[in-house]
Amino acid sequence: MGVTRIRLARFGRKNLPFFRIHVADSRCPTNGRHIECVGHYNPLPGKDGMKRIGINTERVKYWLSVGAQPSETVAKLLGRIGLLPPLPVPKPALPQVPKPNVAK
């Protein structure tokens, strides 16, 4: 068995995504066979303007303790709810201003 990953599997329909948080072997397809479903994530804001995240924290802690690696997106979600330290925010690149040609 390869590395175990905690990652998102997309469900829903066109323009209305809904994600389940699955624990799966890294060699399996994203929406393919999984070991366990440990939560869900709805990126569309509800009537109150909040995005919905539901996670079984005990199971996520267990899978992290046995070596499961979260994907980057799942790591951000876990950092948002306090299970992992938040990921560092990359600094935005400054726009490159071309230097004027100075003829001597």
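Do you know which residues across segment 59-86 are in contact with a helix residue (DSSP H, G or I) (Cβ under 6 Å, 6 or more places away or on another chain) and either open to solvent by 80 Å² or more (accessible area, probe 1.4 Å) or farther than 19 Å from Val38 by Cα (or both)?
Of everything in segment 59-86, just one residue is in contact with a helix residue (DSSP H, G or I) (Cβ under 6 Å, 6 or more places away or on another chain) and either open to solvent by 80 Å² or more (accessible area, probe 1.4 Å) or farther than 19 Å from Val38 by Cα (or both), namely Pro86.
Of everything in segment 61-88, what is in a loop (DSSP other than H, G, I, E, B) and free of Cβ contacts under 8 Å to residues at least 24 places away in the same chain? Give them in sequence order. So that I can check it myself, show each step before the final result.
Taking segment 61-88 first, the residues in a loop (DSSP other than H, G, I, E, B) are 66-68, 71, 82-88.
Answer for segment 61-88, where residues must be in a loop (DSSP other than H, G, I, E, B) and free of Cβ contacts under 8 Å to residues at least 24 places away in the same chain: Gly82, Leu84, Pro85, Pro86, Leu87, Pro88.
Go through segment 22-60 residue by residue and tally those that are assigned to a strand (DSSP E or B) and over 17 Å from the mean Cα position of the chain (by Cα). Reasoning before the result, please.
The initial filter retains those residues of segment 22-60 that are assigned to a strand (DSSP E or B), namely 22-25, 36-42, 52-55.
Cutting the leftovers down to over 17 Å from the mean Cα position of the chain (by Cα) gives us none.
Qualifying residue count, segment 22-60: 0.
Over 11 Å from Ile6 (Cα atoms), open to solvent by 80 Å² or more (accessible area, probe 1.4 Å), free of Cβ contacts under 8 Å to residues at least 40 places away in the same chain and not in a helix (DSSP H, G or I), is that true of Lys91? Full working, then the answer.
Values: over 11 Å from Ile6 (Cα atoms): yes; open to solvent by 80 Å² or more (accessible area, probe 1.4 Å): yes; free of Cβ contacts under 8 Å to residues at least 40 places away in the same chain: yes; not in a helix (DSSP H, G or I): yes.
Considered against the rule, which asks whether it is over 11 Å from Ile6 (Cα atoms), open to solvent by 80 Å² or more (accessible area, probe 1.4 Å), free of Cβ contacts under 8 Å to residues at least 40 places away in the same chain and not in a helix (DSSP H, G or I), Lys91 comes out as yes.
Could you go through segment 4-21 and let me know if any residue there is modelled with pLDDT under 90 and part of a loop (DSSP other than H, G, I, E, B). Outline the logic, then answer.
Filtering segment 4-21 for residues modelled with pLDDT under 90 gives none.
Checking segment 4-21: not a single residue is modelled with pLDDT under 90 and part of a loop (DSSP other than H, G, I, E, B).
Could you check how many residues of segment 9-42 are closer than 18 Å to Lys76 by Cβ and open to solvent by 30 Å² or more (accessible area, probe 1.4 Å)?
Here is the first cut: in segment 9-42, the ones closer than 18 Å to Lys76 by Cβ are 9-10, 17-23, 30, 38-42.
Subset that is open to solvent by 30 Å² or more (accessible area, probe 1.4 Å): 10, 18-20, 30, 40, 42.
Number of matching residues: 7.
The values are calculated or read from the model by the stated rules, or taken from the named source; none is laboratory data. If you're wondering where the values come from, they're calculated on a predicted model, not measured in any experiment. No Cβ is skipped: glycine too gets one built from the backbone with ideal geometry, and neighbour counts run over all protein chains shown. Keep in mind that these areas ignore ligands, DNA and RNA; they rest on the heavy atoms of the full protein, side chains included. Shrake-Rupley method; radii C 1.70, N 1.55, O 1.52, S 1.80 Å.
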